[in-house]
Amino acid sequence: MTKSELIQQLAGENPHLYLRDVERIVNTVFDEISDALSRGDRVEIRGFGAFSVKEREARTGRNPRTGEAVEVAEKKVPFFKTGKQLRDMLNP
Amino acid sequence: MAGETLTRADLAEVVYEEVGLSRNESSELVESILSMISETLIAGTSVKISSFGTFAVRQKSERIGRNPKTGDEVPISPRRVLTFKASQILKQKIDGSWDGSLEEEE
């Protein structure tokens, strides 16, 4: 399923809404999660899952092709943990 | 990182402010989005949200685990797990290296 399919389905269930509004609603939700993570905030959606940001320390990596050592700067990476309810529903 | 935590109520509030529907309907729509994604994943289908990321279900086969307290071996039953892979754009936004382009990666 893609974002546009999600929008189509939501629009189908809400025939009183304009498609462009449904599009805005879906985009708003994902943009807000992205913005929160970019600020360093967590997003916790009970039953579904939690998005957070983890900090990776700087390390010396290696170019796997040449074996050359390269400095990898510290960075922030997104992380998702599945909520208990969804995890249980995946394994009935 | 001493950030704040957003909840589904915050997401509903942003939808309310952005679209101008009632608070009630805004929160129902957020709920619908989450349950559509969940239902799709439970059916075993991946969900790809462009410029955000992909949720995918992976099948894990049975393996032998160990009770860390007693050291006893216990079989871990086969199960399905959900993975989320952030898009290149989301990774860059979080890392502060996003240049504002919406070119789809991969």
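Tabulated data
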{"read-out": "Two-decimal Rg/Rh across chain A, once Rg and the Kirkwood Rh are taken from alpha-carbon atoms", "value": "1.16"}
{"read-out": "Distance between modelled label sites at B:Arg58 and A:Ser4, nm, 7 Å Cα→Cβ extension", "value": "2.9 nm"}
{"read-out": "Computed label-point distance, nm, for sites B:Thr45 and B:Arg79 using a 7 Å Cα→Cβ extension", "value": "2.6 nm"}
{"read-out": "Accessible heavy-atom area order of A:Met1, B:Met36, A:Met89, highest first, probe of 1.4 Å", "value": "A:Met89, A:Met1, B:Met36"}
{"read-out": "Heavy atoms of A:Glu71 accessible to a 1.4 Å probe, total area in Å² rounded to 10", "value": "140 Å²"}
{"read-out": "Long-range amide H partners of A:Arg42 with built H, under 5 Å", "value": "B:Glu4, B:Thr5, B:Leu6"}
{"read-out": "Occluded residues from the stretch B:50-99, i.e. those whose accessible area drops by 40 Å² or more once the chain is not alone (1.4 Å probe)", "value": "B:Phe52, B:Phe55, B:Arg80, B:Leu82, B:Phe84, B:Lys93, B:Ile94, B:Asp95"}
{"read-out": "Equivalent-ellipsoid semi-axes of the stretch A:1-41, from the Cα gyration tensor, Å, largest first", "value": "24, 10, 6"}
{"read-out": "Estimated [θ] at 222 nm from DSSP helical runs (n ≥ 4, -39500 (n - 2.57)) normalised by residues in the protein assembly as shown, nearest 500", "value": "-12500 deg cm²/dmol"}
{"read-out": "Accessible surface buried upon A-B contact (total; probe 1.4 Å; Å², nearest 100)", "value": "4300 Å²"}
{"read-out": "Of all accessible heavy-atom area on the protein assembly as shown, the percent that carbon and sulfur account for (1.4 Å)", "value": "47 percent"}
{"read-out": "Pairwise centroid distance, computed over Cα atoms, of the stretch B:59-106 with the stretch B:18-39, Å", "value": "26 Å"}
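The values are calculated or read from the model by the stated rules, or taken from the named source; none is laboratory data. Source: prediction; values computed, not measured. Cβ atoms come from the backbone with ideal geometry, glycine included; neighbour counts cover every protein chain shown. Keep in mind that these areas ignore ligands, DNA and RNA; they rest on the heavy atoms of the full protein, side chains included. Shrake-Rupley method; radii C 1.70, N 1.55, O 1.52, S 1.80 Å.
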